[in-house]
Amino acid sequence: RLRVLSGIQPTADSFHLGNYLGALRQWVRLQDTHDTFYMVVDLHAITVEQDPKVLRQRTRVSAAQLLALGVDPDRSALFVQSHVPEHAQLSWVLECLTGFGEASRMTQFKDKAAKQGADRASVGLFTYPILQAADILLYQAHAVPVGEDQRQHLELSRNLAQRFNHRFGKTFVVPEPHIVKDTAKIYDLQDPTSKMSKSASSPNGLIELLEDPKRSAKKIRSAVTDTGREIVFDPEGKAGVSNLLSIYSALTGKSIEELENSYRDKGYGDLKKDLAEILVEFVTPFQERVKSYLDDISELDKVLARGAEQAREVATRTLAVVYDRVGFLPIG
Ligand code: ATP
Ligand code: MG
């Protein structure tokens, strides 16, 4: 079976609907067909300032959410990035193969650094995509399920894999992004031209999977739509309505066409009211499952320890080959 790897940052109290529809749903599905490695990327999280106590809590809550969404520890290695030291070790080697100019072209760094003030952005935030390449290449992953915003980082991972292979001999699988077009980018409900984001969305534009479902329903009902009245999928002209239709379609499995037909004689209010209900039905049992995983922290930590062990088996093998290829002296 081909391998899949992906990660998510423990940078918020909850995952959001964009994380789920853009990426995590694919994580769960790919378990049927691939060997899957999924992690909570705490090393990535500290590229921006984190409170240590909060980070630890969010790491567990992230793992619990992944389990509750259907990541199955009997079929996937589910682990915490810092439990596998090879990520940081391979990252250093890849940093030394990355051009400064090449790294400087990463748009996510530019966006995030601009928000913080360029002088305050950390070097870790700058080298983040190289650590991400290490994450992927360590596991010889063929496919990486992510949202559209990660496409450029994936391209860097591919370039680094090819560069290493070219210089030192075939070592890495060159990974492909696995991006599902219909849900590759879920938009902010209040600003439907920018992506829904843990760190950048306005509170009312962001649906957090762990917030009070009543609050989510209210946010859907007050989502920004345009002044027209027709319910049609037109991302350019009707960004707000189109975003709601994408979410609706993804949560119900109904096609956009089907939805356009069934809302032909109805208004925005009807669409929002129905979608709010659908969302509540999805998050309510999800939240119960998260709670039950968090009720038994020692079991949760055991699952993560087991995942790290499985991950390290692969990671140590890859790193040993890399160290040898670049010419490091073996321990005598
Ligand atoms: P941050 O703002 O801190 O970067 P984030 O919301 O982008 O947080 P990440 O942990 O960086 O969340 O991303 C986890 C996964 O979710 C990635 O695969 C990413 O591509 C995907 N993702 C994030 N936001 C969206 C979105 N709005 N639509 C679709 N996929 C998304
Ligand atoms: Mg992100």
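The values are calculated or read from the model by the stated rules, or taken from the named source; none is laboratory data. Since the model is a prediction, treat every value here as computed from it, not as a measurement. So basically every Cβ, Gly included, is an ideal-geometry build from the backbone, and we count neighbours across all protein chains shown. Please note that ligands, DNA and RNA were not included when accessible areas were found on the heavy atoms of the full protein model with its side chains. Shrake-Rupley method; radii C 1.70, N 1.55, O 1.52, S 1.80 Å.
Which value in nm describes the separation of the simple spin-label points at residue 181 and residue 296, placed 7 Å from the Cα toward the beta carbon?
Rounded to a tenth, the inter-label distance reads 4.3 nm.
What part of the accessible area of the chain, given as a whole %, is carbon or sulfur when the probe is 1.4 angstrom?
Answer for the chain: carbon and sulfur cover 51 percent of the accessible area.
Take the alpha-carbon centre of region 240-281, take the same for region 93-114, and report the distance between them in whole Å.
Using only Cα atoms, the two centres lie 39 Å from each other.
Under a 5 Å amide H to amide H cut-off, with H placed in plane at 1.01 Å, what residues pair with residue 144 once short-range neighbours are removed?
176, 178
I need the Kirkwood Rh of the chain: take the reciprocal of the average 1/r across all distinct C-alpha pairs and report it in angstrom.
Hydrodynamic radius (Kirkwood, Cα only) of the chain equals 20.9 Å.
So what is the calculated 222 nm ellipticity per residue for the chain, using -39500 (n - 2.57) for each DSSP H run with n of 4 or more, over all residues, to the nearest 500 deg cm²/dmol?
After summing the helix terms and dividing by the residues of the chain, the value is -16500 deg cm²/dmol.
Anything over 24 Å Cα to Cα? Flag those among 195/266; 214/302; 238/273; 218/238; 185/291; 112/185, in the order listed.
195/266; 214/302; 185/291
Pull out a ≥ b ≥ c, the square roots of the eigenvalues of the alpha-carbon gyration tensor of region 55-177, then state rounded if a/c is under 1.5, prolate if not and a/b is larger than b/c, and oblate in the remaining case.
oblate
Given a 1.4 angstrom probe, what's the average accessible area per residue across region 189-332, in square angstrom?
57
Do any GluC sites (Glu not before Pro) in region 1-104 lie in a DSSP loop with no more than 13 other beta carbon atoms within 10 Å, and if so, which?
Those satisfying the criteria are 49.
Could you rank the peptides 239-247, 263-271, 294-302, 23-31 by their average count of other C-beta atoms within 10 Å per residue, with the highest value first?
Ranked by mean Cβ neighbours within 10 Å, highest first: 239-247, 23-31, 263-271, 294-302.
Between residue 202 and residue 174, what is the label-point separation in nm under the 7 Å Cα-to-beta-carbon projection?
Distance between the two pseudo-spin positions: 4.4 nm.
Does a label point 7 Å from the Cα of residue 74, set along Cα-to-beta-carbon, have any residues of region 298-332 with amide nitrogen under 17 Å, and which are they?
300, 303-304, 306-307
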